[in-house]
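Below: one structure, written as structure tokens.
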Amino acid sequence: MSKRVSIYTVAREAGVSTATVSKIINNSGSISRETSDRVLEIIKKYNFVPQQRRQTGSAIGVVTFLLRQGPLMAPFTARLLNGACRQAFLAGRDLVLIDGERLAGLTPEELYCHYASNSLAGLLICNVAAENPFCTKLRKSGIPFILLANGSTDDSVNFVTTRNYEAVYELVDYMLCLGHRRIAYMGVLNRAVDSHRERLRAFYDIHNKHGIDPYPEYVLDLPDAEISTIKNALTRLFARLESPTALFIGGEELDKAYTLLPQLGIEVPARLSVAGLRLDDPLDSGVIEWSCITQPTERIGCVAAQKLLELAEGQCAYVREYLDNSLNYGNTVIRHEE
């Protein structure tokens, strides 16, 4: 960016006063859409950042759309943020939480202005798919951004995630090899999240490999569901004459769903084998040896924050990182014979 570019340059080229430019940058005052669009286009053209903002250094922005949604997702998001926060602080950067709902309606030019005026190095995006209109606008804006815990087949999208498909495929394969032919699947992730789709795809693919058609009524797709909704769905599932012998939980909080089963009179693993994904917990007492997939949740946040800074500083052209999960064949899944 040329050092000669200033707020006066922007104002002169747009044919407005510096006060008008300042109001647009700070999203204050009443400015017509036509004038605002013209000024924003010039700001983007020159990659203009207000001088007072430049002096504060660059922060990492984290955009999440989950602030108003159910509690099942909160711990996973919190661990992602903890990892990103730790890496940001190590790099001498601040971390700024941004409510995605407030940005969703902005144009690409307005998004760029928000990014520049707040001196952001780039954005980490939580729980939004690459094909979401918000990500499409981000790509048009030119803002460096990385999807957190959500992959993409689009080569223009940067992401850091884990190998969800491979891990679910292996663990469900293990359950099938132990004789389970009636495995239920409960997904509690948002449908727009890539990891949700990958986990469910793996569930179907490994059944097909064994020549088994999963029971459609055994697949409980409950995105962002509350505990009461999950409990009701499980009650109906196990009221069937031919109920499942095993349950795979496709969300990160295996132990929360697991605590519901005794309330329904279901003993694990004597009556029902249970496996799924679980949050890494350094304080785990080890009372239950879970059959589970553990994602390196905080590491996803750490790696994403580090890669975002490298991306923003031109040290790399793209970021497409797959981290490995830990898989444990515990004692909550046992052999079943019909």
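Here TYR169 clears all of (1) hydroxyl-bearing (Ser, Thr, Tyr); (2) more than 14 Å from the chain's Cα centre (by Cα); (3) at pLDDT below 90 except the condition numbered (3). Only one entry in VAL160, VAL128 is in contact with a Leu (Cβ under 8 Å, 6 or more places away or on another chain) and at pLDDT 95 or above, namely VAL160.
With respect to VAL160, determine if the residue is closer than 16 Å to ALA312 by Cβ, buried (at least 16 other Cβ atoms within 10 Å of the Cβ), in contact (Cβ under 8 Å) with a residue 24 or more places away in the chain and aliphatic (A, V, I, L, M).
On the way: closer than 16 Å to ALA312 by Cβ: yes; buried (at least 16 other Cβ atoms within 10 Å of the Cβ): yes; in contact (Cβ under 8 Å) with a residue 24 or more places away in the chain: yes; aliphatic (A, V, I, L, M): yes.
Yes, satisfied.
In this structure, SER195 does not satisfy being over 24 Å from LEU237 (Cβ atoms) and either touching a strand residue (DSSP E or B) at 6+ places or on another chain (Cβ under 9 Å) or without any contact (Cβ under 8 Å) to a residue 40 or more places away in the chain (or both).
Does ARG199 meet the test of being buried (at least 16 other Cβ atoms within 10 Å of the Cβ), of a type in the set (Lys, Arg) and out of contact with any Gly (no Cβ under 9 Å at 6 or more places or on another chain)? No; evaluated as a whole, the condition is false for this residue.
Residues are listed down the side, and each one gets a yes or a no for (1) over 22 Å from ARG299 (Cβ atoms); (2) in contact with a His (Cβ under 6 Å, 6 or more places away or on another chain); (3) aromatic (Phe, Trp, Tyr); (4) crowded, with 21+ Cβ neighbours inside 10 Å:
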residue	(1), (2), (3), (4)
ASN132	yes, no, no, no
LEU138	yes, no, no, yes
LEU148	no, no, no, yes
SER152	no, no, no, no
ASP155	yes, no, no, no
ALA167	no, no, no, yes
ALA184	yes, no, no, yes
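Okay, residues lined up against (1) assigned to a loop (DSSP other than H, G, I, E, B); (2) of a type in the set (A, V, I, L, M); (3) under 27 Å from the mean Cα position of the chain (by Cα):
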| position | (1), (2), (3) |
| --- | --- |
| SER195 | no, no, yes |
| TYR204 | no, no, yes |
| PRO214 | yes, no, no |
| GLU217 | no, no, no |
| PRO223 | yes, no, yes |
| THR229 | no, no, yes |
| ASN232 | no, no, yes |
| THR235 | no, no, no |
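Look at region 188-222 and say how many of its residues are under 22 Å from ASN328 (Cβ atoms) and touching a His at 6+ places or on another chain (Cβ under 6 Å). Here the count works out to 1. Quick one: which residue in TYR329, TYR322 is within 20 Å of CYS126 (Cβ to Cβ), hydroxyl-bearing (Ser, Thr, Tyr) and open to solvent by 40 Å² or more (accessible area, probe 1.4 Å)? Exactly one of TYR329, TYR322 is within 20 Å of CYS126 (Cβ to Cβ), hydroxyl-bearing (Ser, Thr, Tyr) and open to solvent by 40 Å² or more (accessible area, probe 1.4 Å), namely TYR322. Considering the conditions (1) modelled with pLDDT of 95 or more; (2) more than 30 Å from CYS126 (Cα to Cα), TYR204 is excluded by exactly one of them, (2).
Looking at GLY330, GLY276 in this structure, which one is at positive phi and in contact with a Ser or Thr (Cβ under 9 Å, 6 or more places away or on another chain)?
GLY276
Among the conditions (1) on the phi > 0 side of the Ramachandran plot; (2) outside any loop (DSSP other than H, G, I, E, B), GLY314 misses just one, which is (2). Flag: ARG191 does not match the condition of being at pLDDT 90 or above, among the basic types (Lys, Arg), open to solvent by 10 Å² or more (accessible area, probe 1.4 Å) and at negative phi. One residue stands out among those in region 294-311 that are assigned to a helix (DSSP H, G or I) and among the polar types (S, T, N, Q): the one that is modelled with the highest pLDDT, which is GLN306.
When you look at THR235, is it open to solvent by less than 20 Å² (accessible area, probe 1.4 Å) and at pLDDT 90 or above, yes or no? For THR235, the condition - open to solvent by less than 20 Å² (accessible area, probe 1.4 Å) and at pLDDT 90 or above - is not met.
Evaluated against (1) part of a strand (DSSP E or B); (2) modelled with pLDDT under 90; (3) among the hydrophobic types (A, V, I, L, M, F, W, C), LEU241 falls short on exactly one condition, (1).
Please work out if SER119 is at pLDDT below 90 and either more than 30 Å from ASP324 (Cβ to Cβ) or touching a Gly at 6+ places or on another chain (Cβ under 7 Å) (or both). Considered against the rule, which asks whether it is at pLDDT below 90 and either more than 30 Å from ASP324 (Cβ to Cβ) or touching a Gly at 6+ places or on another chain (Cβ under 7 Å) (or both), SER119 comes out as yes.
The values are calculated or read from the model by the stated rules, or taken from the named source; none is laboratory data. What you see is a predicted model, and the numbers here were worked out from it, not measured in a lab. With ideal geometry, Cβ positions are generated from the backbone for all residues, glycine too; neighbour counts draw on all protein chains shown. The accessibility values were calculated without ligands, DNA or RNA, using every heavy atom of the protein model including side chains. Shrake-Rupley method; radii C 1.70, N 1.55, O 1.52, S 1.80 Å.
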